[in-house]
Amino acid sequence: MQSHTIRRPVAASIAIGLALLLAAGAVAVSARQGESNYGPKPTVVLVHGAFGDASTWTAVIHQLQKDGFPVIAPANPLRGPISDSEYTASVLDTLSGPLILVGHSYGGIVITNAAAMTHNASSVMALVYVAALIPDVGEAAQDLQATGSLIGPRTLLVRSCPVESCAAGQDAYIDPAHYREVMAGDLPEERTSVLAASQRPAALNAFSDKTEFAAWHTLPSFAIVSTEDNAVGADNERFMAQRAHAQTTEVDASHLVMISHPDTVVKIIESAASEH
C-alpha cells in the first residue's frame, strides 16, 4: 500500500509535466505558424505580373511559410489595371489582420490601386515592389516603359480574344524566341523554355489603361530594382522607386528576380513586415 501511495503523486507529476511540455510545444508551433512576440504576423499577398502566373512565387512562398507568415498568391486576371485591381481588392476584403502587398512587374500597378480600393485599406501596412511598375494617378504601363524595355513590336505576339473577356479585343504574349532575353536572362534556358510555353497573356489594354489610385503616397514602400531587367528596365524602376520614396534594394538579376533570387525577395518582404 505504501508503494502505491508514493507512486500516485509521482505519476501525477509526470502527467502534469508532460501536459505543460505539450502546451508549450503547441504555443511554439502557433508562433511559427503566424504569430510573433508582438502579435500576429501580417498576411503577405503576392500579386504576379503579365506573361506569368502565381507559380512564379513558388520559392518565395515556401520560405515565407517556413518563417511563419500566412501567404496568399491570387491569380491576377491580366485584363486591365482597374478590373484587375478591383478583383484583387475583393480578395483583400476577405482577409483579416495586417497585410503586406507585394507586386511583381504589372502586379505593381495592381497593388498600387487595390490597396486604396479594398475595404481593408486600413489593414495594409506596406507595399513591396519587385522589379515592378509603380504608377502615379493617370499613368499607364506604357508611359513607364517608354525607354529601357525590350517589350515591343519585335518581342510581342498579339492574338485576338473575345471582346467580353478582353476590352481591347487582343491579347499579348512574349514571343518564345525572345522570352529569355526579355524576362529571365539569369535562368537556365531549360527553365525559361517552360516559362515561355506556359505564360499567361495580358490584354492589350493592360498596358494603356490609366491608374486611378496611387496608394504609395500614403503607405510605406519598398522596392527591388533588378539591374539586368529588360522588361521594365532598371532605370525606370529606379526612377519610380525614388519617386515613391521607397526603401530600395538593387539586385543583379533579371526581371524574374523572385525566381533567380528568392532569398533576397523574402528578406525584403520580411523587412517590410518587421517595421510595422
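Answer yes if at least one residue in the range 144-151 is part of a loop (DSSP other than H, G, I, E, B), in contact with a Leu (Cβ under 9 Å, 6 or more places away or on another chain) and closer than 21 Å to Met258 by Cα, and no otherwise.
Yes, some residue in the range 144-151 is part of a loop (DSSP other than H, G, I, E, B), in contact with a Leu (Cβ under 9 Å, 6 or more places away or on another chain) and closer than 21 Å to Met258 by Cα.
Which one of Ala206, Ala231, Ala241, Ala177 is part of a loop (DSSP other than H, G, I, E, B), of a type outside the set (Asp, Glu) and closer than 23 Å to Leu101 by Cβ?
Working: Ala206 fails: part of a loop (DSSP other than H, G, I, E, B); Ala241 fails: part of a loop (DSSP other than H, G, I, E, B); Ala177 fails: closer than 23 Å to Leu101 by Cβ.
The match here is Ala231.
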Requested in this report: Please find, among Thr112, Thr88, Thr94, the residue that is among the β-branched types (Val, Ile, Thr) and not in a helix (DSSP H, G or I).
Outcome: Thr94
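Would the range 92-102 turn up any residue that is on the phi < 0 side of the Ramachandran plot, without any contact (Cβ under 8 Å) to a residue 12 or more places away in the chain and of a type in the set (S, T, N, Q)? Steps first, please.
In the first step, residues of the range 92-102 are kept if they are on the phi < 0 side of the Ramachandran plot; the result is 92-96, 98-102.
Next, from what is left, pick out any that are without any contact (Cβ under 8 Å) to a residue 12 or more places away in the chain: 94.
Pick out the ones that are also of a type in the set (S, T, N, Q) and you get 94.
Among the residues of the range 92-102, at least one is on the phi < 0 side of the Ramachandran plot, without any contact (Cβ under 8 Å) to a residue 12 or more places away in the chain and of a type in the set (S, T, N, Q), which makes the answer yes.
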Report task. Please specify each residue of the range 158-195 satisfying the condition of being touching a helix residue (DSSP H, G or I) at 6+ places or on another chain (Cβ under 7 Å), over 20 Å from Gln145 (Cβ atoms) and either β-branched (Val, Ile, Thr) or loosely packed, with under 14 Cβ neighbours inside 10 Å (or both). Result -> Glu189, Thr192
Query raised in the report: Across the range 176-204, what is the total count of residues that are among the β-branched types (Val, Ile, Thr) and closer than 19 Å to Thr227 by Cβ?
Result: 2
Report summary line: Within the range 153-174, residues within 28 Å of Thr227 (Cα to Cα) and in a loop (DSSP other than H, G, I, E, B) come out as Pro153, Arg154, Thr155
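Bear in mind that the values in this text are calculations on the coordinates, not laboratory data. Since we're looking at a predicted model, the values are computed, not measured. Cβ: placed from backbone, ideal geometry, glycine included. Neighbour counts: every protein chain shown.
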